[in-house]
Amino acid sequence: MSPKQFRVLIETFGADIAKWPPDQRASAMELLASSTEAQDLLAKALDLDRVLNAPEPPLSADQRDALVDKIMNDLDESEG
């Protein structure tokens, strides 16, 4: 497997190699053992996955009220 093929798999299936097609996993692991480029690609993908999977911080009461007010104002404007 080439680093380019590895990148395509990351972009298609994400950083969790266990979710990749079974016939690609062994080659991916071999490449990871020998390629700093593949290691860097995986590290960046893992970082991205962590950011995307992080829970959103809860809204404060003031933020929630402001959001509700904005939504209600937008609804009023779209109806009128």
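Which one is surrounded by the fewest Cβ atoms within 10 Å (Cβ to Cβ) among residues in the range 51-80 that are of a type outside the set (D, E, K, R) and within 30 Å of ALA15 (Cβ to Cβ)? By that ranking, first place goes to PRO55.
Output the residues belonging to the range 20-32 that are under 14 Å from VAL8 (Cα atoms) and surrounded by fewer than 14 Cβ atoms within 10 Å (Cβ to Cβ). Let's see the steps before the verdict.
We begin by selecting, within the range 20-32, every residue under 14 Å from VAL8 (Cα atoms); these are 20-21, 24-25, 27-28, 31.
Selection gives PRO21 alone.
Considering only the range 42-61, I want to know if a residue exists there that is of a type outside the set (Ser, Thr, Tyr) and within 16 Å of SER2 (Cα to Cα).
Kept after step one, since they are of a type outside the set (Ser, Thr, Tyr), are these residues of the range 42-61: 42-59, 61.
Then keep just the ones that are within 16 Å of SER2 (Cα to Cα); that gives 42.
Scanning the range 42-61 turns up at least one residue that is of a type outside the set (Ser, Thr, Tyr) and within 16 Å of SER2 (Cα to Cα).
Checking each residue in the range 33-50 for being exposed (fewer than 11 other Cβ atoms within 10 Å of the Cβ) and either in contact (Cβ under 8 Å) with a residue 12 or more places away in the chain or among the basic types (Lys, Arg) (or both) picks out only ARG50.
Read-outs throughout are calculated quantities, based only on the coordinates presented, and are distinct from any laboratory measurement. On a predicted model such as this, the values are computed, not experimentally measured, just so you know. Counting neighbours? That spans all protein chains shown, and the Cβs are built from the backbone with ideal geometry, glycine included.
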